[in-house]
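FYI, it's all coordinate maths here, none of it is from the lab. Fair warning: this is a prediction, and the values are worked out from it, not measured in the lab. All Cβ positions, even for glycine, are placed from backbone atoms using ideal geometry, and neighbour counts span all protein chains on display.
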Amino acid sequence: MSIESNQERCCVSDITERILFSGKVQGVGFRWTTERIAARLFLRGFVCNLPDGRVETVVAGSAVSIQQLVEKLQERFGLGLTDVQRQTLEPAHEFTEFVIRR
């Protein structure tokens, strides 16, 4: 099997989630940290601040990698992260990289 076929197969099982983080998540490097972790996990999508003080992430990739992203953010921000709401989006969005939106 060629490398291209492996890449195509891996992306077929990708999912997209919208994740809302609440708590002390603005002004503490949350978006920057999310971008760095997502890039290491080969995730695609974006992270942005919301006017109500939450942070929104729309992320595409493997379910395992998305779970790892959430766990790493929970470890890093600890008690400052008071709520995480996850929603699977259909169909999967087509992102090519992970970026911070302003």
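Could you work out the relative contact order of the chain? I mean the mean sequence separation of Cα pairs under 8 Å and 6+ apart, divided by the number of residues, in percent.
Rounded, it is 42 percent for the chain.
What Rg and what Dmax come out for the chain when only alpha-carbon atoms are used, in angstroms?
Computed over the Cα atoms of the chain, radius of gyration and Dmax are 13.8, 48 Å.
Determine ³J(HN,Hα), in whole Hz, for all residues of region 38-52 in sequence, where each value follows from phi through the Karplus function 6.51 cos²θ - 1.76 cosθ + 1.60 and θ = phi - 60°; x replaces Gly and Pro.
4, 5, 5, 8, 6, 8, 10, x, 8, 9, 8, 6, 9, x, 7
Quick query: amide H of PHE98 versus all other amide H atoms, modeled in the peptide plane; which residues come in under 5 Å with a sequence gap of 5 or more or a different chain?
So PHE98 has HN proximity to GLY45.
Which loop-located chymotrypsin sites (Phe, Trp or Tyr not before Pro) does region 41-102 contain, where loop means any DSSP state but H, G, I, E or B and the Cβ has at most 15 other Cβ atoms within 10 Å?
Answer in residue order: PHE42.
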